[in-house]
C-alpha cells in the first residue's frame, strides 16, 4: 500500500464525479442508491428495500416491504417525491398491511442535507421510520429522538441488518463514494480512478482504487485485466474487491458501465463473484427504467425490478455479511 498522491490529474473535480444527460444515443440511468435491510416484522425476517432516486426533474424515495411470500403476495411499496412536489410531501405518514401485520411509515425530509457530490441519499437532518407492533423496526437518519417522539414507538429488540448497498455514480476518470463495511465502524471514502482518455487512450490503461486516501489497488494493462478480484486490508480486516470494467473498453460509444463489489470477510469463490457481476450488469438497464409518477400512496404493484436485483445480488451464503456494489458509469465527454 502507498500513501496517495493522486495518480490521475483532476481527481475529485465536481464535473468528474457526476454527470447527467444522454450520450451516444443511450438512455442515461437514474442516479440511485439502493439499500436492502432485513428487519423483523410480525415475528418474521422480511426484506426491506430502500431506493433513493434522482433525475434532472425529480428526486424520490421508495420503500418496499416483502409480503408473506409467493407471487400472490408481492411487496408493498411507498413512494415519496421530494422534488418538484410541494413542501408538504417531505413530511408524512402512511400505513399498510404486510401479510397480517400493519406497518406504518413516518418520514421527515424537510430539512434533509445532501452531499455536494450529487448523491440522492441524504447525509443528515432527517428521519425515515418503519413501525410495526409498536416497535421501530427500521430507522434511517440522524434525527432519532424526533423519530421516536413522532412515532410514539419503542426501539425494536431485533435491530435491522443492512445486507446490501448499491450505488450508481457517474464520471470520466474519477468516481467517488462513501460506504461502511461494518455498521459498528466508521464510514470509508472510496475513490476509483482510471487513466483512460478518448478512443485511442485505452491502450496501457491503468486503474487505482483508494480507500481513505490510501491506494489499495493498482491494476496496469487494464484493457486485458478488465475482470478480476483482490483482497485488501481495511483497518485490519479483509475486504474482497471484485471488478468488471469490460464495458469501459468494449461497450461501444457513449457511456460504459463498470461494476465494483466490496465484500467484507474472507475470500469468496471467484465463481460467485463472477455470477454476481454478470447478473447485476444484465439487470442494470431494467433497473433504471423510469418509474410511474404515482402519488404518496402504498401500492401492491410489483416494483419487481428493484426487488429482483436485491434478491439476486444479496451476497454470501446466507450469512449477514454486508456487500457494497458500486456501478461506475464512464462518460466519454
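Every read-out reported here was derived from the displayed coordinates using simple, explicitly stated rules and does not represent laboratory data. All values reported here derive from a predicted model rather than from experimental measurement. Here the Cβ is made from the backbone with ideal geometry for all residues, glycine too, and neighbour counts use every protein chain on show.
When peptides 221-231, 44-54 are sorted by average Cβ neighbour count within 10 Å, with the highest value leading, the order is 44-54, 221-231.
Highest mean first, the peptides 122-135, 173-186 sorted by other C-beta atoms within 10 Å per residue fall in the order 122-135, 173-186. In terms of overall dimensions, the C-alpha atoms belonging to the stretch 33-162 reach 40, 34, 25 Å along their principal axes, ordered largest to smallest. Look at where the Cα atoms of the stretch 42-56 and of the stretch 87-138 average out, and the two centres are 10 Å apart.
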